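S.K.: Here it is, the structure, as structure tokens.
The values are calculated or read from the model by the stated rules, or taken from the named source; none is laboratory data. None of these values were measured; they are calculated from a predicted model. Backbone-built Cβ (ideal geometry, glycine too); neighbour counts: all protein chains shown. When the accessible area is computed, the model is the full protein with side chains, heavy atoms only, and any ligands, DNA or RNA have been set aside. Shrake-Rupley method; radii C 1.70, N 1.55, O 1.52, S 1.80 Å.
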Amino acid sequence: MAKEYNFREIEQKWHRLWTERQTYKVSEDERREKFYVLNMFPYPSGAGLHVGHPLGYIASDIYARYKRQQGFNVLNPMGYDAYGLPAEQYAIKTGQHPEKTTFANIDRYREQLDKIGFSFDWDREVRTCTPDYYHWTQWAFEKMFNSYFDEELQKAQPIEKLIEKLKKEGNWPADEKAQSDLLMNYRIAFLGETMVNWCPKLGTVLANDEVVEGVSVRGGYPVEQKKMRQWCLRVSAYSQRLLDGLDTIDWSESIKETQRNWIGRSEGAEIEIPYSLSGETAGSFTIFTTRADTMFGVTFFVLAPESELVDKVTTPEQRAAVDEYLKYVKSRTERERMIDHTVTGVFSGAYGINPITGDKCPIYIAEYVLAGYGTGAIMAVPAHDSRDYAFAKHFGLPIIPLVEGADVSEESYDAKEGIVINSPISPDKSVKYDGECLCLNGLTIKEAIAETKRFVKAHNLGRVKVNYRLRDAIFSRQRYWGEPFPVYYKHGIPTMIPEECLPIELPQVEKFLPTETGEPPLGNAQIWAWDEKNRKIVDKKLIDEAAGIYPIELYTMPGFAGSSAYYLRYMDPHNSEALVSDRAASYWQNVDLYVGGSEHATGHLIYSRFWNKFLFDLGVSKKEEPFKKLVNQGMIQGRSNFVYRIKETNTFVSFGLKDKYDVTPIHVDVNIVKNDILDLDAFKAWSPEYATADFILEDGKYVCGWAIEKMSKSMYNVVNPDMIVENYGADTLRLYEMFLGPVEQSKPWDTNGIDGCFRFLKKLWALYWDKDGNLALTDDEPSADSLKTLHKLIKKVTGDIEAFSYNTSISAFMVAVNELSQQKCSSRTVLQTLPVLISPFAPHIAEELWEALGGEGSVCDARWPQYDEKYLVETSVKLGVQFNGKVRFDMLFPADATPEQMIELATSAPEAAKYLEGMQVVKTIAIPKRIVNIVVKPKA
RNA sequence: GCGCUUGUGGUGGAAUUGGUAGACACGCCAGACUUAGGAUCUGGUGCCGAGAGGCGUGUAAGUUCGAGUCUUAUCAGGCGUACCA
């Protein structure tokens, strides 16, 4: 009996041995070059892993193992993003503590992950919800609170430096409350009164990236705008650095572009606009524009409804109309505002004075202007902005074209190219400043923008300004299951609990819902007051300002708090003195390869970069950018199967015959379908309803229909990796996940093809054993063919791993194993190299073979082989000779033939003669090792 | 609307970066061994055509001796974003 490929035995054995031998333990080793591979850590959901989750882990595990075999000291850690909404909502429903469900889920994840054979160093596991981890989340928050962003240095500085500066300038108030309020305008973590995305259904605020199309990403509940006092992070201060950094990292162009758009840098000008009420000058406001060149086309101004100026510019006559409009705007949800772009607005009664033309233009209030961007006020140029155009048409306001040849009778001309006209329309329409007046006529738009900026600056009418779309991140949540803030309120002033007293542990509560008085869930905590003198947390009944016992913050931190710097913690996960020791940070530097989904482009991947830049300013992180190379793995979609029930019956008709009947398609569990053929007995057993089902078959089989949909329980298309491992083994799963297609590409999971990978492993296994089950190995010199096969394979696989093209390297393995098997190769030289090459992809079988062959230690530490070109040289090359008439034949050229010799050989070949007869050669082209082209035409 | 991205057999996908399109795998067909097979092995399999041959990389043009690959236009799908002045 030949030796069987018993994957169960092999995989169990090696899981045991890897643990016993601590094969995957890594430590800092300055003598070796480091390589840091990282996956976005998962949120441990109750549903467990499906077959899509491990995709990225497998891809990076392959790379990590490969790098290790190349001699690098590889850090490849794993952990859990453990704070999150589902656990809390489950807790609200069942009363079970979220920690309990979270830890149970983590155990399940771990069990599933362990089956797949990753090279993670589990000693470095982190969980964002454990105190020894969130200690450093709180610590970073305190550092941000105690820092400000120095615009000149473009980096974070200690807040004391700012206080000194303010004192020197005489701007330091005496009152403590005033001091606190003043500093809040500068701190990187600050308490701010801002418009927030409030989700009433979830009872919490959400960050911009947590809201899509006006509803919450989690749960899909409506979101409204609300003004609230919240903790915020001054991410916007880092806008320019976040933008510049993109040019230094190896990320896909599309993700970088998404971040550039999200940061949204726009260069423009801020211009002061004086306004008059009832004919008298009453003050001024500032507008922002990127089209300073269109100042001569301004016919009205618009303020955002939420702007503080609204109140000031409203005249008594317009008061009622304005109030009504504001009421209307408030009644609209964010979602309505997004979808419905009908023109609305109201006249304020005031007029703004265009400083360039001196014209008085009406000031309107309209919701199409956003309070959060620029100054919340704009100058409207209907001729060259489609939104202003629609507004002007609706309210019958004048439209002045400013570009030569632009027809603005039907729509605005928004393009930024052309020659400027009507600027000014007549010489008296340009106000003189210090004897100079602006004239843009005849300039290109680009020139006109520059000229206007110069003019505005020179005469102090405004300033050149860069605006960013990126907004500060709202950092507090009204939830229980998150990091508590290390903050107490001393006489209403937010104060940090001293760093030495961290971590502040999440208190126990009876109920996870908000309190009856509307406080966040932490309001239910009893032991939740800060005793300043004794530096400890005490019962909140003891709160007594005179005794120095104060209330602690009830908000908790958002999901991205714990996930923003976790890669640093992996470097030194058990350090209780620091987030990461200087030695570990200096050694591991930053992540060389980061793998994860592209859905985090505007969330985690921005916050993480921001957080790291801040820690870099502090000297904690050693690199400005946290992730050198990013690979975005695609999503795995589900492939659903359908059966077709004839209406009003319990009879099911096969796919090919369904059009003959009136049928209803029904989702059927993909796990009882194989190659689209339904397992009839399993189907009857699947649900009592189908126990008595009848079938109309084709060719004795029931064929199911299929569709590509999201992988979800309700569509019965969830494929569990455990099942695959059970039936085929982890190595087959790993191979097949990679074989499915490029890692970056989204694709449906289809278990149908998996047999191919399983067969391949069996063939590989069979290469090593004779029919009696003994090692079939000789010390003979390998044949030239075998050496060529081997070196071709090494070359291909090495190149493919570097290029992240795993599907093609697996194909190459399949070809190579087929070739070696045909060559009946039993040479030790060749067969000993093969396990090393395959081990990143299929580590278990590789270890087993490596051991059987008497290899030393683990195959993980075997050196990655080098290929030798000399085995790849062809002795002769078979080439096509191509004529322009699409006629071709094959012939052999010597490998070292020059192009001239190739042409000579081709034209004089007997096969060529018949094509050349009666023709004259126009041109000959030879591509070495490829092809000869002979262009002929009939002789005149 | 804007930005990014992808279109190749029945299916997943290859193509040395401008050089024999469809590697490899699934599926399918035929055969072998079998009491049996959702096991294993061998051969075939882009489409049309009996055949010689013709046609083929979403569509249409272009550059080139030569285009899946480059250029332009166009169509279709996917992702992101949305009144950002």
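S.K.: Roughly how many nanometres apart are two label points built 7 Å out from the Cα toward the Cβ at residue A:821 and residue A:581?
M.R.: 5.1
S.K.: A further question follows. May I ask for the distance between the Cα centers of the range A:456-495 and the range A:193-234, given as a whole number of Å?
M.R.: If you average the Cα positions of each part, the centres end up 15 Å apart.
S.K.: Given a Förster radius of 60 Å and the C-beta distance between residue A:407 and residue A:508 as r, what FRET efficiency does 1/(1 + (r/R0)^6) yield to the nearest 0.05?
M.R.: 0.30
S.K.: Would you mind classifying the range A:277-350 by shape? Square roots of the alpha carbon gyration tensor eigenvalues, ordered a ≥ b ≥ c; an a/c under 1.5 is rounded, otherwise it is prolate if a/b is larger than b/c and oblate if not.
M.R.: Oblate shape, in that a/c is at least 1.5 and b/c is the bigger or equal ratio.
S.K.: By the gyration tensor of its Cα atoms, with a ≥ b ≥ c the square roots of the eigenvalues, what is the shape of the range A:356-398: rounded for a/c under 1.5, prolate for a/b over b/c, or oblate?
M.R.: The shape class here is oblate.
S.K.: Further question on the same structure: Which residues in the range A:448-473 have a backbone N closer than 12 Å to a point placed 7 Å from the Cα of residue A:432 along the Cα-to-Cβ line?
M.R.: Flagged as within label range: none.
S.K.: Considering only protein heavy atoms, with the full assembly of protein chains and a 1.4 angstrom probe, order A:791, A:50 by accessible area, largest first.
M.R.: So, going from the largest accessible area down, we get A:50, A:791.
S.K.: Averaging sequence separations of C-alpha pairs under 8 Å and six or more residues apart, then dividing by the length of chain A, give the relative contact order as a whole percent.
M.R.: Normalised by residue count, the contact order of chain A is 13 percent.
S.K.: With each label point set 7 Å from Cα along the Cα-Cβ vector, what nm distance links residue A:317 and residue A:446?
M.R.: Here the modelled spin labels are 4.7 nm apart.
S.K.: Straight-line reach from residue A:13: which lysines have Cα under 16 Å away, leaving out those fewer than 8 places along the same chain?
M.R.: Candidates past the 8-residue exclusion: A:115.
S.K.: On a full-extension model of 0.36 nm per residue, what is the gain between residue A:224 and residue A:254, subtracting their alpha-carbon distance, rounded to one decimal in nm?
M.R.: Full-extension gain reported as 7.8 nm.
S.K.: Taking Cα pairs under 8 Å and at least six residues apart, what relative contact order does the range A:456-509 come out at, in percent?
M.R.: Relative contact order for the range A:456-509 comes out at 23 percent.
S.K.: Here is a further query. Place a point 7 Å from Cα of residue A:152 in the direction of its Cβ. Which residues in the range A:179-212 have their backbone N less than 17 Å from it?
M.R.: No residues fall inside that zone.
S.K.: A further question on this structure: If you average the C-alpha positions of the range A:298-334 and of the range A:25-47 separately, how far apart do those two centres end up, in angstrom?
M.R.: When both Cα centres are located, 54 Å separates them.
S.K.: What relative contact order, as a whole-number percentage, does the range A:510-630 give when Cα pairs under 8 Å and 6 or more residues apart are counted?
M.R.: Averaging sequence separation for qualifying contacts and normalising by length gives 18 percent for the range A:510-630.
S.K.: So, one more: If you stretched the chain out fully between residue A:692 and residue A:386, how much longer would it get, using 0.36 nm times the residue separation minus the C-alpha to C-alpha distance?
M.R.: My answer for the length gained is 103.7 nm.
S.K.: Using alpha carbons only, how many angstrom separate the centre of the range A:708-731 from the centre of the range A:81-113?
M.R.: First find each Cα centre; the distance between them is then 22 Å.
S.K.: Which FRET efficiency, nearest 0.05, do residue A:499 and residue A:111 yield, Cβ-Cβ r, R0 30 Å?
M.R.: So the FRET efficiency works out to roughly 0.20.
S.K.: Find how much the distance from residue A:490 to residue A:469 grows on full extension, using 0.36 nm per residue of separation minus their present alpha carbon separation; answer in nm with one decimal.
M.R.: Extending this stretch completely gives an extra 4.1 nm.
S.K.: Related question: With a point put 7 Å past each Cα toward its Cβ, work out how far residue A:130 is from residue A:538 in nm, to one decimal.
M.R.: The two pseudo-label positions are separated by 3.2 nm.
S.K.: Just to verify a number: FRET efficiency for residue A:193 and residue A:276, C-beta to C-beta distance, R0 = 22 Å, to 0.05?
M.R.: For residue A:193 and residue A:276, the calculated efficiency is 0.15.
S.K.: Let me ask another. Below 14 Å, Cα to Cα, which aspartates and glutamates can residue A:536 reach? Residues fewer than 8 away in the same chain don't count.
M.R.: A:499, A:500, A:505
S.K.: Turning to a different aspect of this structure: Which lysines, on any chain, are close to residue A:710 with Cα under 20 Å apart, when same-chain ones fewer than 8 places away are left out?
M.R.: Within the straight-line cut-off, residue A:710 pairs with A:674, A:747.
S.K.: Another question, if that's okay. List the residues of the range A:621-649 whose backbone N lies under 12 Å from a point placed 7 Å from the Cα of residue A:744 along the Cα-to-Cβ direction.
M.R.: Counting backbone N atoms under 12 Å from the label point, the list is A:630-634.
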